[in-house]
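Notes for the one structure printed next.
The values are calculated or read from the model by the stated rules, or taken from the named source; none is laboratory data. None of these values were measured; they are calculated from a predicted model. All Cβ positions, even for glycine, are placed from backbone atoms using ideal geometry, and neighbour counts span all protein chains on display.
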Amino acid sequence: MSEPHSSPRTSAYLDALSQAIHKKLQRALANSSQRRNLLQELFADIALEVDDRAKDVIVNKEEDGISPAEDINDGPLCFYDVLADYFVLVSESRKPILDWIVQLWSQSFASHIFALLFHKWLFEVHLDNPEVLLRYSSALVQGATNVFWIDIQTNTRRFQSLFRYLLEDVALDHTRLNKIPFQAQRDTYLMLSRFILFYNKADKIDGFLKQCPAFPTAFLVGGPADILVTELTDQLQKLKVEPVLLHYLSEIKILQGLELRMTTSTRLKTCLYSFTSPGGPMYPTRAVRHAARESLDLLFPVGRYPRHLISLFFRLLYPWYWPSSCWNFVVSCIQAIFYSVLGFIFSTRNKIAKPKSQ
């Protein structure tokens, strides 16, 4: 691992950031009434995007080492990206902060902060105490899950670099993944399964399935593909942000061709079908219903037309939706006719233009 922070100016700046984190953790430990607010403020600070002035100090383009900006090519450069590399290299700054976080272990946002600051350190050092290693690994999974849900709730990708590291540098690299206990490996795999489509890593699914750790209940839950689809199905049912749900429904088509157990396949089909009808319990919007229907037809083409008839029947059970349905049908027909006319005009013009050019 090359050292990206080698200039005295950069080191001094990162040392100052480390001291500021240390002081805020001390204040949180000393002030029980304000503890949660202080930890929330600290989490927000380290999750902030690095501004241009700070980036000029942190990113040394003249150095031979790889700078954080060059190392992170998908998403904004945040302070936790820089600090995670820094704490791998500088043990004297890392230890007091880690000790304070351990003392605040049960508090809200403590696991968030640990995951952001020490996700790289955990896989780059050797810890002899298995209990400590399990505690750190569990905190990492919990904290990473929490921050990924923050991205989902806000429909942002601020923590995409954390996900990319856990997926590409840990889950797909057994030399790092084997450093944590088996239970933590399985929990990491389940967590990544739930968010892999959200962070646009569908192209990594084939390799991800091959690196699936051993599950003691595999005879009940199935193979790696079944585990992945089960976690994605559960995730779909929890999503409440429409743009995020639409993104999942568009990306889930990548599952086409996976060999699944009958129970897993039925579970996914039932989940998608629940999004295709108006009303409870999902109350999906029109965009969600159409996206779910497209995904369902692609993944499960058998029985497509009977499903459409059943959906139409249930649609008739909600007469207050009839006016909007009729209006959307009319608009769709007009749009289809309009685009057909445009296509005919352009094709005719091209046929007329070709003889003239010849």
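I'd like the residue in the range 90-122 that is among the polar types (S, T, N, Q) and out of contact with any helix residue (DSSP H, G or I) (no Cβ under 7 Å at 6 or more places or on another chain) and, out of all such residues, is farthest from residue 185 (Cα to Cα).
The residue in question is 91.
Residue by residue, here is whether (1) aliphatic (A, V, I, L, M); (2) under 18 Å from the mean Cα position of the chain (by Cα); (3) within 20 Å of residue 116 (Cα to Cα) holds:
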{"position": "176", "(1), (2), (3)": "no, no, yes"}
{"position": "183", "(1), (2), (3)": "no, no, no"}
{"position": "191", "(1), (2), (3)": "yes, yes, yes"}
{"position": "209", "(1), (2), (3)": "yes, yes, no"}
{"position": "215", "(1), (2), (3)": "no, no, no"}
{"position": "220", "(1), (2), (3)": "yes, no, no"}
{"position": "229", "(1), (2), (3)": "yes, yes, no"}
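So if I check each of 278, 284, which one is surrounded by 13 or more Cβ atoms within 10 Å (Cβ to Cβ), outside any helix (DSSP H, G or I) and either among the aliphatic types (A, V, I, L, M) or modelled with pLDDT under 80 (or both)?
278
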